[in-house]
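Quick notes on the structure that follows.
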Amino acid sequence: MEETNETLCVGIDLGTSRSSISASNGQRHVVDSYVGWPVDMVARKLVKKTVLVGRDALDNRSMLDLRRPLERGVMKEGSEKDQEAVQEILRHLIDVAGIKQKGKGKTKVRAVVGVPAEAFRVSRQNLRNTMEGIADSVMLVSEPFAVAYGLEALLHALVIDIGAGTADFCVMQGRYPTEEDQRTLPNAGDSIDEQLTKLISERHPEAQFSIHMIREWKERWSFVGEPKSRVVVSAPVKGKPTELDITDEMRTACESILSPVCETAVDLLSKVEPEFQDKVRNNIILAGGTSLISGFAEVIQKSLMEFGGGRAVVVKDPVFAGSDGSLAIARDASSADWEKLSL
Amino acid sequence: MATVDETKSRLLRGVVQDNIDVLQNVKARRLNRRKRSVHPWILAGLLLALGAYVIQPALLVSTAPTPAGSSVALATGAVTPTDIDLTPELSAPLTNPRPIDRAAIPLAIKRIVIDPGHGGEPGAMSESGVAEKEITLDVALRLRRLMAHDPYEVLLTRETDRLMSLDKRVNFANQRKADLFVSIHANWMEPKTIRALETYYIGPTDDPATLKLASMENKGSGYSLSDYKQILEKIYVDARHDESRALAKSIQTKLFRSLKLVNPVLENRGVKTAPFVVLIGTQMPAILVEIACLSNEDEVKLLTKEDYRENIALALVQGIRSYAASLNAPNRKGS
């Protein structure tokens, strides 16, 4: 048996697009959820690594078998390579947080990992199995619940965590949320990317662009409502760099998720006890990378006008809100609880 | 009013319990794989319990007045075969039997048969050439993949594009002693602007459109609708009828809730009864779900997207799981 010197708690938000870690040693990191293996000997010699994770993998993608192993916030099923890729991301996160994983003095890791609110039991089981050898004990929690816990928004609050793969909703009513208190929608960052790709292709059929360019444009200029300025990007047309005005396409693509998000929020609100609906409506918390779309909170508030108004705010640190919340859960859980959930 | 710490501690208990449940489910399934047979002593115990159950409810469901001599034995609960006074009133056939309370017999689902409609012959066909048989098979295969790690055995009546008669589909499910039967179909409706979802379970219908649909789906069975009357009359009092309705409701709810988000004009036509052959012949709770309208080209466009078909399969899985979970819910209403 290996000697263990230290016990460390970590909170992990395993996201379709980005994954973050918050550790009890004070480390916080975020990586792009991409993993790549060199395609041949030449590539291996050039990249000087057997596996690349995050931005490193994206930057060298032409030489790699590149994987984005998460789909709608959970592991793609039926692919061993994708499961391996998830393990690489988790290992990388633990590694960048400065946690010693092997040999003498190995750190004992207690990990809380956020998964989509309605993640199926099977996905959670898969994830537990994937964590073997990476953490010593694991708890899986719903992502919006982790956000709520971290912010201590435990009563009369609605958390909407919009990532790349899913938009997750959770109403907090002072008790552990049931299935009825939570929802997951597939309409999130990735569906905006798809929509934007389609719209730009229709308007500029000769322009060449990749999904990575689309994501960069969205992260930089996404908005809903009235534009603050025109969105002009550069893409090659017949090999020549050309400026394209994609303002209308950007707005249409970003607004495509508004209707399902608002509808789901209203549906969940209507299930709250009548005397508390007003409180919950005025305590809507937006988290996740996609919540950073300019004007998003305002438009949600506007859509609530016909239901008596409401207040929506974006958390201060949307990227780390999930992992910080998971870390808070990891710290608060007792050693006895952790023992029950050891791998 | 609870403090933040008290609330947190309550929430943590929930988190831990939820995770332990996931863990135990894994272990339970591993055990099932190793050993499926039941120990003879457990079997004997179950038989005894079932015997006791059969005797006791026979008294409890009676609407006839209880004879004075038997009231003490019933009140104390110490009923043995010799204590039971089988007076003519008690042993007489029950004119208005009460339904059996499901909670008395905890049931579990072990095997599910999924029936991708049509095959060989195309079924309904969209104007753009998308065949019902392709969509139903694709969704069924996805559903089986999504349930691969569930504690149920999922069997498909067909896994390729091959002709399979309706009675063979029925026999397939009956011979394998399936606990649930889900038949997947796609609709064709006039006017073509309609986009609707509907789920059927066994029962009569006066709706001409439903009769027409049943007639189309029953094509090749060798029977006419009038032949089913006698069979149906027996089935309507069957507990299977109520379970089929519960399953149909669960699937229709999940399917509509999920697809409405990406297909906003979708219409919820709800749960209906109809005399489809596959629903009549099967001996387990059975439903037929119409997952889309191939008559509507906008919907056909959605159906050509993998994501949309995956959503349909996911929603069907959720519906089945939700029904399965409700079987063991403590406050479930009797059938």
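The values are calculated or read from the model by the stated rules, or taken from the named source; none is laboratory data. Treat the numbers as computed from the prediction; the structure is a model and nothing was measured. Note: ideal-geometry Cβ built from the backbone for every residue, glycine included; neighbour counts use all protein chains shown.
Per-structure values
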quantity: Elements of type helices (runs of 4 or more DSSP H) in the range A:1-102, at least 1 residues being modelled with pLDDT under 85, in contact with a strand residue (DSSP E or B) (Cβ under 7 Å, 6 or more places away or on another chain) and within 14 Å of chain B (Cβ to nearest Cβ); calculated: A:80-96
quantity: Verdict on A:Glu206 being in contact with a Leu (Cβ under 8 Å, 6 or more places away or on another chain) and more than 27 Å from A:Ser33 (Cβ to Cβ); calculated: no
quantity: From A:Ala235, A:Ala265, residue being part of a strand (DSSP E or B) and of a type in the set (A, V, I, L, M); calculated: A:Ala235
quantity: Criterion violated by A:Asp324 - all others in (1) closer than 21 Å to A:Trp217 by Cα; (2) within 16 Å of the chain's Cα centre (by Cα) satisfied; calculated: (1)
quantity: Counted residues, the range A:26-50 - those being under 21 Å from A:Val10 (Cβ atoms), in contact (Cβ under 8 Å) with a residue 24 or more places away in the chain and not basic (Lys, Arg); calculated: 8
quantity: Given (1) small (Gly, Ala, Ser); (2) within 14 Å of chain B (Cβ to nearest Cβ); (3) without any contact (Cβ under 8 Å) to a residue 12 or more places away in the chain, number of the condition A:Ser229 does not satisfy; calculated: (2)
quantity: Checking A:Gly163 against (1) more than 10 Å from chain B (Cβ to nearest Cβ); (2) within 19 Å of A:Val112 (Cβ to Cβ); (3) at pLDDT 90 or above, the condition it does not meet; calculated: (3)
quantity: Residue check for A:Pro241: under 17 Å from A:His204 (Cα atoms) and at pLDDT below 95; calculated: yes
quantity: Counted residues, the range A:158-174 - those being within 18 Å of B:Ser258 (Cβ to Cβ) and not in a strand (DSSP E or B); calculated: 2
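The rows are residues; the columns are (1) in a helix (DSSP H, G or I); (2) in contact with a strand residue (DSSP E or B) (Cβ under 9 Å, 6 or more places away or on another chain); (3) within 14 Å of chain B (Cβ to nearest Cβ).
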| residue | (1), (2), (3) |
| --- | --- |
| A:Val272 | no, yes, no |
| A:Glu298 | yes, yes, no |
| A:Glu306 | yes, no, no |
| A:Gly322 | yes, yes, no |
| A:Leu327 | yes, yes, yes |
